[in-house]
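The values are calculated or read from the model by the stated rules, or taken from the named source; none is laboratory data. Only a predicted model underlies this, so the values are computations on that prediction, with no experimental measurement involved. Heads up, the Cβs are rebuilt from the backbone with ideal geometry, glycines too, and the neighbour counts pull from every protein chain shown. Quick note on the areas: whole protein, heavy atoms, side chains included, nothing else; ligands and nucleic acids left out. Shrake-Rupley method; radii C 1.70, N 1.55, O 1.52, S 1.80 Å.
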Amino acid sequence: MRLFAKAIGMPRRIDRRLGVLISGRGSNLQALIDAIAAGRLDATIAVVISNRADAAGLDRARAAGIETVTLSHRGFPTRDDYDRALVKELQARNVGLVCLAGFMRLVGAPLIDAFPNQILNIHPSLLPAFPGLDAQKQAIEHGVKVSGVTVHLVTTELDGGPIVVQRAVPVLAGDTAETLAARILEEEHRAYPEAVQMILNGDWRVEGRCFVAAAKSPTSVST
Ligand code: GRF
């Protein structure tokens, strides 16, 4: 049954224990912490893992009483070895959903295979436009009039997995990469808790490269 569910892209029931992976500031981590505290997100953050000891997000986690782990990628012979170490830390805490929140590492097969359709990433553009680094700068340089944020499931394709939530923001005359980034960030902080809650609610499937949420049944029918 489990094999069948995986083959047609349906998730197992996903445990509400989150593992959040960061490398820096951690404002999206903070948005998840705040959403949980406000009752907008029914989840627990089991652990915050950073590949950098100086990530400011670690202080945010500690202030919220969340366990933190610093796991530097340096010293691991290969990328896969580092990913396997991450898997070990996450599984040791029974994490059901991994949230990449400014985690500046490519994740590979060991992590993706251990958490199939159970890893989310947040990216500051309307994917598939502007994947990779400096998405806001790419948007300014391209001259687009609208940009935004994407939360997507993580696959081996960089910033290419099924899209769960997108929110758009205008690009205004005179915007710089920094002013656009600030406008997008406000939407990121709304989009990430929303996407996590959708995944945990469980009524969704993956078809091809698409994330498909079940249509809500009408609560009343007018005649
Ligand atoms: C965000 O812009 C996110 O979209 C991108 O990295 C940045 C992380 O910011 N993946 P923060 O560390 O969550 O403040």
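Within the stretch 112-146, the set of residues being closer than 23 Å to R84 by Cα, within 12 Å of the ligand (Cβ to nearest atom) and open to solvent by less than 10 Å² (accessible area, probe 1.4 Å) comprises L120 only. For the stretch 65-111, a tally of residues being of a type in the set (V, I, T), within 16 Å of the ligand (Cβ to nearest atom) and out of contact with any strand residue (DSSP E or B) (no Cβ under 8 Å at 6 or more places or on another chain) returns 0. In the set (1) in a helix (DSSP H, G or I); (2) crowded, with 22+ Cβ neighbours inside 10 Å; (3) within 12 Å of the ligand (Cβ to nearest atom), V20 fails one condition alone, (1). Any residue that is in contact (Cβ under 8 Å) with a residue 12 or more places away in the chain, open to solvent by 20 Å² or more (accessible area, probe 1.4 Å) and among the hydrophobic types (A, V, I, L, M, F, W, C) - is there at least one of those in the stretch 71-83? Within the stretch 71-83, one or more residues are in contact (Cβ under 8 Å) with a residue 12 or more places away in the chain, open to solvent by 20 Å² or more (accessible area, probe 1.4 Å) and among the hydrophobic types (A, V, I, L, M, F, W, C). Of R105, R52, which residue is in contact with a Ser or Thr (Cβ under 6 Å, 6 or more places away or on another chain), open to solvent by 50 Å² or more (accessible area, probe 1.4 Å) and of a type in the set (K, R)? Sole residue among the options that is in contact with a Ser or Thr (Cβ under 6 Å, 6 or more places away or on another chain), open to solvent by 50 Å² or more (accessible area, probe 1.4 Å) and of a type in the set (K, R): R52.
With respect to the numbered conditions (1) surrounded by fewer than 22 Cβ atoms within 10 Å (Cβ to Cβ); (2) more than 28 Å from A46 (Cβ to Cβ), which one is the sole condition not fulfilled by N94? The number of the failed condition is (2). The single residue among T179, T156 that is open to solvent by 20 Å² or more (accessible area, probe 1.4 Å) and assigned to a loop (DSSP other than H, G, I, E, B) turns out to be T156. Whenever a residue of the stretch 168-193 is under 18 Å from L133 (Cβ atoms), its partners that are more than 13 Å from the ligand (Cβ to nearest atom) and of a type in the set (D, E, K, R), lying with C-beta atoms within less than 9 angstrom and at least six residues away or across chains, give the pairs A177/E141.
Can R62 be described as over 24 Å from R209 (Cα atoms), open to solvent by 50 Å² or more (accessible area, probe 1.4 Å) and part of a loop (DSSP other than H, G, I, E, B)? In short, no.
What residue, of V164, V149, is open to solvent by less than 50 Å² (accessible area, probe 1.4 Å), at pLDDT 95 or above, part of a strand (DSSP E or B) and away from the ligand (no atom under 12 Å from the Cβ)? That would be V164, the only listed residue that is open to solvent by less than 50 Å² (accessible area, probe 1.4 Å), at pLDDT 95 or above, part of a strand (DSSP E or B) and away from the ligand (no atom under 12 Å from the Cβ). Out of curiosity, is A56 within 28 Å of N201 (Cβ to Cβ) and touching a residue at least 12 places away in the same chain (Cβ under 8 Å)? The answer is no for A56.
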